[in-house]
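**Student:** Please see the structure below; I have some questions.
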Amino acid sequence: MLTINQAKLFYKNDTAHDFDHVLRVLANAKRIGEAEEANMAILQTAVLLHDIARVDQERTGKDHALVGAERARQILTDLAYQPEFIQAVYHAIITHRFRGDNPPTTLEAKILYDADKLDSIGAIGIARVFAYAGHINRPLWRDDTNEYTALQEYNRKLVKIKDRLFTVSARQIAIGRHRFTSTFMEQITAEIAGVR
């Protein structure tokens, strides 16, 4: 199983997708994985490598899940992992995107997906969406709905997450985080409009 110290060497991402994000996803994955009886070695390795190509996506526009899965395959091959293990990690990474059209089919892949999405809602999720919008120099909000803003990310993605999770354990965790996110977004929208 890949270690945290080994994986840390592969990350140079923005603050919304940095290694602290990976560690939070790992904590979510451990909680869900133990409840769902997942293969924790596959799960931990996939979590630790799932965003290694995120910085490349910003530079090249190529899907970080696809590039990251290929890179993870090479890393694990070089470290002499078994082919079945490598394929399981590859599948989990290539299917972890919310906006992807390649849904996860294995338990470990579903858990990585869920653990990653849980880090997009709740207090951390709110902080991340604003941090990322700032990183790419986007405004807090705009009346023009065609321009990407932090508040539009809520409407396009965050509000949908709790209903798109795969595991029972993740859906239970999502209830409180979703409620918190929705309350915050209602408040900030009202403040922008000057009604609160």
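The values are calculated or read from the model by the stated rules, or taken from the named source; none is laboratory data. This is a predicted model, so every value here is computed, not measured. FYI the Cβ positions are ideal-geometry reconstructions off the backbone, even for glycines, and counts take in every protein chain you see.
**Student:** Report whether or not Asp114 is within 30 Å of Ala41 (Cα to Cα), assigned to a helix (DSSP H, G or I) and without any contact (Cβ under 8 Å) to a residue 12 or more places away in the chain.
**Tutor:** It is false that Asp114 is within 30 Å of Ala41 (Cα to Cα), assigned to a helix (DSSP H, G or I) and without any contact (Cβ under 8 Å) to a residue 12 or more places away in the chain.
**Student:** Which residues, counting only those in segment 1-54, are of a type in the set (Lys, Arg), over 17 Å from Arg71 (Cα atoms) and under 11 Å from the mean Cα position of the chain (by Cα)?
**Tutor:** Matches in segment 1-54: Arg24 only.
**Student:** Also: Taking helices (runs of 4 or more DSSP H) that fall entirely within segment 117-196, which contain at least 2 residues that are in contact (Cβ under 8 Å) with a residue 40 or more places away in the chain and within 26 Å of Ile93 (Cα to Cα)?
**Tutor:** In segment 117-196, 122-135, 168-193 are the helices (runs of 4 or more DSSP H) which contain 2 or more residues that are in contact (Cβ under 8 Å) with a residue 40 or more places away in the chain and within 26 Å of Ile93 (Cα to Cα).
**Student:** Name the one entry in Ile32, Ile75 that is among the hydrophobic types (A, V, I, L, M, F, W, C), surrounded by 23 or more Cβ atoms within 10 Å (Cβ to Cβ) and at pLDDT 95 or above.
**Tutor:** On the way: Ile75 fails: surrounded by 23 or more Cβ atoms within 10 Å (Cβ to Cβ).
After ruling out the rest, the residue left standing is Ile32.
Listed here are the residues, each with its yes/no results for (1) over 13 Å from the mean Cα position of the chain (by Cα); (2) of a type outside the set (Phe, Trp, Tyr); (3) closer than 24 Å to Asp20 by Cα; (4) modelled with pLDDT under 90.
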residue: Pro103; (1), (2), (3), (4): yes, yes, no, no
residue: Asp119; (1), (2), (3), (4): no, yes, yes, no
residue: Ala127; (1), (2), (3), (4): yes, yes, yes, no
residue: Ala131; (1), (2), (3), (4): yes, yes, yes, no
residue: Tyr154; (1), (2), (3), (4): yes, no, yes, yes
residue: Gly194; (1), (2), (3), (4): yes, yes, no, no
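**Student:** What do you reckon, is Lys30 in contact with a Phe, Trp or Tyr (Cβ under 6 Å, 6 or more places away or on another chain) and not hydrophobic (A, V, I, L, M, F, W, C)?
**Tutor:** Working: in contact with a Phe, Trp or Tyr (Cβ under 6 Å, 6 or more places away or on another chain): no; not hydrophobic (A, V, I, L, M, F, W, C): yes.
Spelling it out, it is not the case that Lys30 is in contact with a Phe, Trp or Tyr (Cβ under 6 Å, 6 or more places away or on another chain) and not hydrophobic (A, V, I, L, M, F, W, C).
**Student:** Whether any residue in segment 51-62 is modelled with pLDDT under 95 and in contact with a Ser or Thr (Cβ under 8 Å, 6 or more places away or on another chain) is what I want to check.
**Tutor:** Checked segment 51-62: no residue is modelled with pLDDT under 95 and in contact with a Ser or Thr (Cβ under 8 Å, 6 or more places away or on another chain).
**Student:** Anything in segment 90-148 that is surrounded by 14 or more Cβ atoms within 10 Å (Cβ to Cβ) and on the phi > 0 side of the Ramachandran plot? List them, or say none.
**Tutor:** Gly122
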